[in-house]
Structure formats: structure tokens, C-alpha cells
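Participant: There's a structure below that I have some questions on.
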Amino acid sequence: MNCDQLREHYELYALGIAEEPERGEIRDHINRGCEVCGAGVKRALETAALLGASAPAAQPSPQLRHRILASVGSEQRRFGFAWVPVFAMAALLLVVAAYFAVSNRRYADDAARLRSQSARLRVQMRAQAAEIVRLTEAFAILSGPSTTEASFGGKQPQPPRGKVFVNPSRGVLLIASNLPRTPADKIYEMWIIPKGAKPVPAGLFQSQDDGSAMHVRPGMVDLASTAAVAVTVENEAGADQPTTTPLIVAALAP
Ligand SMILES: [Zn+2]
């Protein structure tokens with residue numbers, strides 16, 4: 001296999017869950033000093049390490065790791081064992097729904113409760129589908145050959161820290177840790193800051209309970225005219241322009 005065919009397996013390899021024959025092929029490339037695969041796996045390892053290091057060692061960011069693993073699962077559909085986590089989830093929901101249906105026959109007067117439960121399941125399934133779309137976008141940015149990355153927060157004592165990945169045709173992915181919880185009615189807003197122009201809003205997100213966050217702004221990015229990616233705290237509805245000092249500024253290489 002050539003490097004191009006192996007490119008999208010670097011993350012799987014770094015996480016230790018690549019399948020054969022790709023795993024062996026990547027190992028061979030690295031063993032014979034392939035610079036493309038070496039650099040790709042190094043980057044994937046850094047990302048994996050970042051995810052692992054985004055919380056104290058005793059509590060390695062389970063949410064974020066789970067999400068990335070889930071994104072890996074959704075990636076596998078191209079190779080046939082497809083959507084296994086999604087199907088597993090859907091199957092589980094069907095079992096739960098069937099259980100509620102049986103309960104409902106037994107307790108006919110619980111119809112209202114059943115309706116609210118099945119409505120909740122539908123909402124969960126929709127949220128799950130949206131999450132898979134988001135993770136697929138994130139994975140496309142991570143594994144894109146023309147993706148540029150920038151770190152932030154490494155030198156601060158109390159940092160949100162992490163990385164941004166920018167792919168000109170696929171968008172911007174932000175992975176952060178140590179984010180403080182936002183005050184009530186506030187939210188994080190990401191900005192793409194062009195050189196010599198006003199910041200452009202790039203979406204709203206909240207951090208997880210463990211302080212980690214993953215945010216994707218899909219779509220084209222003109223890398224040459226972009227100076228930095230930043231994050232501020234804004235009112236829930238978001239703002240057109242930043243109204244607070246950014247907690248995250250990731251400057252892109254000129
Ligand atoms: Zn190679």
C-alpha cells in the first residue's frame with residue numbers, strides 16, 4: 001500500500017486499534033523510514049496524547065476519548081464493518097423501545113409515560129446522529145492531508161490548552177482541555193480571525209464536565225488570509241463580534 005492509502009489509518013494506528021493489513025503496512029513504512037507515514041503517525045500520536053493528557057492521569061477525559069473512538073467507529077463504514085457502534089446503539093434503543101412497548105401492554109394506563117419515553121428516545125437518536133455527523137467532520141479534518149495545526153495554552157499556569165486543526169476545504173477543529181465551566185447563560189464562541197480584519201464567528205459550544213471540548217466549524221477556510229483561531233465567553237445566543245478577552249488564541253503559522 002502507498003502512503004496515501006494509509007493516511008486515514010494513522011489515528012487508528014496511534015490509538016492502537018488499526019486493523020490488518022493497514023497496521024502492518026504502517027509499521028513497515030515507519031520501519032523503513034517513510035517520512036510521510038512517520039510524520040502522520042507522530043501527529044496522530046500527539047493528538048492521542050493530548051486527548052489522554054486533557055485531564056489528570058487518574059481521570060483521562062473519558063468523554064472526549066469515547067467520542068474520538070466513536071468517530072473511529074463511524075470511519076470504519078468504508079471498510080465494511082460499518083457503523084457498528086451506531087447499529088449497536090440503534091439496536092439497544094430498539095430493545096428499550098420494545099421493553100417499553102411490552103410494559104405498555106401490561107400497564108395500559110401508562111400510555112402517556114410511554115409516549116414521553118419514546119419521544120425522549122427519538123430525541124436521543126437524533127442527537128446521536130448529529131454527533132456522528134460532527135465526529136465524521138472532525139475526523140475528516142484530523143486526517144486531511146493538507147491540515148495545518150496550531151497549539152495553544154502550553155505556557156499558561158492555568159490554561160485551557162489544546163490544538164486547532166485547520167483544513168482549507170474541510171474546516172476548523174478545536175480540541176481543548178482545562179476549560180472552566182461557563183457561568184449560567186454564557187457559552188463559548190469560536191472565532192476565525194483573518195489578517196487585518198474583524199473576527200468571523202465560527203460557532204458556539206460548551207465544555208464537558210471534565211473541562212474538555214471538541215468543536216468543529218465545517219466548511220472552507222482561506223488559510224493564507226487567516227491569522228488565528230480564538231475562543232471567547234459570550235452570551236448564550238452568541239455575538240457578532242467578541243465582547244470579552246479570548247481565553248484561547250491559537251496563532252496559525254504565517
Ligand atoms: Zn508511507
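The values are calculated or read from the model by the stated rules, or taken from the named source; none is laboratory data. Given the structure is predicted, the values throughout are model-derived calculations rather than measurements. Note: ideal-geometry Cβ built from the backbone for every residue, glycine included; neighbour counts use all protein chains shown.
Participant: Which one is nearest to the ligand (Cβ to nearest atom), of the residues in the stretch 32-55 that are modelled with pLDDT under 80 and assigned to a loop (DSSP other than H, G, I, E, B)?
Facilitator: Ala53
Participant: Which ones in the stretch 1-40 are under 19 Å from Phe165 (Cα atoms) and of a type outside the set (Ser, Thr, Tyr)?
Facilitator: Those that are under 19 Å from Phe165 (Cα atoms) and of a type outside the set (Ser, Thr, Tyr): Arg7, Glu8, His9, Glu11, Leu12, Ala14, Leu15, Val36, Cys37, Gly38, Ala39, Gly40.
Participant: When you check Lys195 against the structure, is it farther than 18 Å from Pro242 by Cα and of a type in the set (D, E, K, R), yes or no?
Facilitator: no
Participant: Looking only at residues that are part of a loop (DSSP other than H, G, I, E, B) and within 9 Å of the ligand (Cβ to nearest atom) in the stretch 1-31, which one is surrounded by the most Cβ atoms within 10 Å (Cβ to Cβ)?
Facilitator: Met1
Participant: Select from the stretch 104-123 the residues that are modelled with pLDDT under 70 and touching a helix residue (DSSP H, G or I) at 6+ places or on another chain (Cβ under 7 Å) and list them in ascending order.
Facilitator: Asn104, Asp110, Ala111, Leu114
Participant: Considering each residue of the stretch 124-167, count those that are farther than 30 Å from Glu35 by Cβ, modelled with pLDDT of 80 or more and out of contact with any strand residue (DSSP E or B) (no Cβ under 7 Å at 6 or more places or on another chain), and give that number.
Facilitator: Counting residues in the stretch 124-167 that are farther than 30 Å from Glu35 by Cβ, modelled with pLDDT of 80 or more and out of contact with any strand residue (DSSP E or B) (no Cβ under 7 Å at 6 or more places or on another chain) gives 0.
Participant: Kindly check whether there is at least one residue in the stretch 217-225 that is free of Cβ contacts under 8 Å to residues at least 40 places away in the same chain and not β-branched (Val, Ile, Thr).
Facilitator: Yes: the stretch 217-225 contains one or more residues that are free of Cβ contacts under 8 Å to residues at least 40 places away in the same chain and not β-branched (Val, Ile, Thr).
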